[in-house]
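The values are calculated or read from the model by the stated rules, or taken from the named source; none is laboratory data. The model shown is predicted, which means the values in this text are computed figures rather than measured ones. Every residue, glycine as well, gets a Cβ built from its backbone with ideal geometry; the counts of neighbours run over all protein chains shown. Only protein heavy atoms, including side chains, enter the accessible area calculation; ligands, DNA and RNA are left aside. Shrake-Rupley method; radii C 1.70, N 1.55, O 1.52, S 1.80 Å.
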Amino acid sequence: METPHLTFPLLVTLLLNGVAIGMLYFLVAVGLSVIFGLMHVLNFAHGSMSMVGAYVGLAVFRLFGDPATGTAPTWAFALAILGGAMAGFVLGWVTERFLIRPLYKRPIFLILLTLGLILVLDETVKLIWGTSPQGLVIVPGLSGTVDVLGQPFAVYRIFLISFGLLMIGLTWYVVNKTRIGIIIRAGVQDSDMVQTLGINVRQIFTLVFAFGAALAAMGGIATTPFTGVHPAMSGDFLLKTFIVVVIGGFGSTTGTALGAICLGLTEQFLPWFFPRFAAVGPVVLMAVVLLVRPEGLFSVSGRRAG
Amino acid sequence: MTLLQLAGVHTYIGQFHILQGVDMQVEQGGVTVLLGRNGAGKTTTLKSIIGLLAPARGRVTLAGQAINGRPAYEVAQQGIGYVPEDRGVFVDLTVAENLLLAERRKGQLAARKAMLLELFPDLGRFWHQKGGRLSGGQQQMLAVSRALVPENKLLLIDEPSKGLAPIVVEQLAHAFNQLKSYTTIVLVEQNFWLASATGDRYYILDDGLTVHSGNMPDLIRDTELQARYLGVAAKGRAV
Ligand SMILES: Nc1ncnc2c1ncn2[C@@H]1O[C@H](COP(=O)(O)OP(=O)(O)O)[C@@H](O)[C@H]1O
Ligand SMILES: [Mg+2]
């Protein structure tokens, strides 16, 4: 079998592609990671929340689009991201406040609950939007390619990298520089102790759940120009998200960012070097991390939120 | 004035009936020492006060107001600072962040910083270090300081001397005596030297029950009572 020569410009393209995809994974995974670190809740429905965000985003997008061509003005995409994020926020808020909160003392029930939520959300989406995949056309302002070292590179991917870096920066700022961030990092270690300092940690749980779902929803919409919107995307997201969080370490936002980029790059480069292992590579990577460094490659002290 | 009162407090952990009628009355000011051998229920008593455990029966009142059954954050906001047995220092937070977290109003730490540094000068050197990098003694000083950031009426301190060098235990004794003019302390302590050096009143718990109480000087003289309820710990001295 002939492998094409890996030139330097191609290497750069793969690198950028990997980072761009990694940004999507970060958006979807960071909520799962912090929610688990802080509340010890493994939200299996996190991928479904991404999917719901994508569907709501698409619905908003279509409000302003041309039904014949499927195109819409650039700002419609911004509104789609915002609308999807709001849907994710509300969904996350309601889920924590009314479904998860009564069950904190019963971890087994929590697993069943979030597994059940997958079915509910997936079926609801099918009921409203049907089962066939739907596409989202890249808006004029983000379509086309630019020249990177003589290779065409999609503008949309540059948008993804910038948007992802912005979100990583914002998350980093909130977690490391604000009072809520201090509460989150402390709560990841010992939320009882945080309570005894006079802080209503449950409110923070709700907020983290809501923002985590909102970020996941944004990730869902941002993915749709590549993959379209379809009911199976929740499962895809869930698997990728678990891989990212295992690599990065539960509870760590920095770890999630690094884990996400790591997965994005693995997916881009593996087919070049070991095409046979392209499909199983990420899962093998996760298994190896679990065996060698179960606290995550990028975590310093096991559980942390920095 | 009675600051804290426990009346017939029963607390379960899971299905285990741990506290089986704890009575305590803590007057405002001074240090009340809570004594008793390992497993007597001292930690469970403090957790039942702060709200980490909810008493199944009985009443806990702070300055006349019932606080039992309230969530821990509400109890703490009534003016109680809690220093747990494991110190509860957040290892990934800096010393400054650990202290900031305890603020109930913006600016409380800034207002309190000088007092804390006078009490524990070491803290200043570690201000921007992660809590996890401190020694046991420094962590204990941080944990006590954190309880002092807001204006707490009452401090609950659980076995602060555990695992610490005698010189550090002496520093704690000095600090607690200084704090008497500022707040009221309930101190769980197995180290009889620290208990004697700081305590004004004492309560002895045994098997989840209050079995004795009185003034600390009387207990210091009563070696028979010490031997009966405090066992070998009573012979220990810090220096
Ligand atoms: N999580 C728990 N589950 C069951 N029993 C417990 C638990 N925690 C403490 N106990 C029991 O409660 C009793 C009192 O414990 P504790 O209040 O920690 O005692 P002390 O602080 O006086 O040493 C002990 O017999 C202990 O074994
Ligand atoms: Mg104890």
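Brief remarks on what is shown
- Filtered residues of region A:193-221 (kept if in a helix (DSSP H, G or I), free of Cβ contacts under 8 Å to residues at least 12 places away in the same chain and open to solvent by 10 Å² or more (accessible area, probe 1.4 Å)): A:195, A:203
- Sole residue being open to solvent by 10 Å² or more (accessible area, probe 1.4 Å), within 13 Å of ligand 2 (Cβ to nearest atom) and more than 18 Å from residue A:200 (Cβ to Cβ), chosen from B:57, B:37: B:37
- Residue check, residue B:51 without any contact (Cβ under 8 Å) to a residue 60 or more places away in the chain, out of contact with any helix residue (DSSP H, G or I) (no Cβ under 7 Å at 6 or more places or on another chain) and over 22 Å from residue B:172 (Cβ atoms): no
- Out of B:95, B:91, B:60, B:75, one residue alone is more than 14 Å from ligand 1 (Cβ to nearest atom), touching a Phe, Trp or Tyr at 6+ places or on another chain (Cβ under 6 Å) and over 26 Å from residue B:193 (Cα atoms). It is B:95.
- In region B:130-151, of all residues being open to solvent by less than 10 Å² (accessible area, probe 1.4 Å) and not in a helix (DSSP H, G or I), the one that is farthest from the other protein chains (Cβ to nearest Cβ) corresponds to B:149.
- Qualifying residue in region A:175-192 (condition: in a loop (DSSP other than H, G, I, E, B) and within 14 Å of chain B (Cβ to nearest Cβ)): yes
- Unmet requirement for residue B:106, which otherwise passes all of (1) open to solvent by 40 Å² or more (accessible area, probe 1.4 Å); (2) over 25 Å from residue B:226 (Cα atoms); (3) touching a residue at least 40 places away in the same chain (Cβ under 8 Å); (4) not in a helix (DSSP H, G or I): (3)
- Selected residue (only one of A:225, A:282, A:231 is in contact with a Lys or Arg (Cβ under 6 Å, 6 or more places away or on another chain) and either part of a helix (DSSP H, G or I) or at pLDDT 90 or above (or both)): A:231
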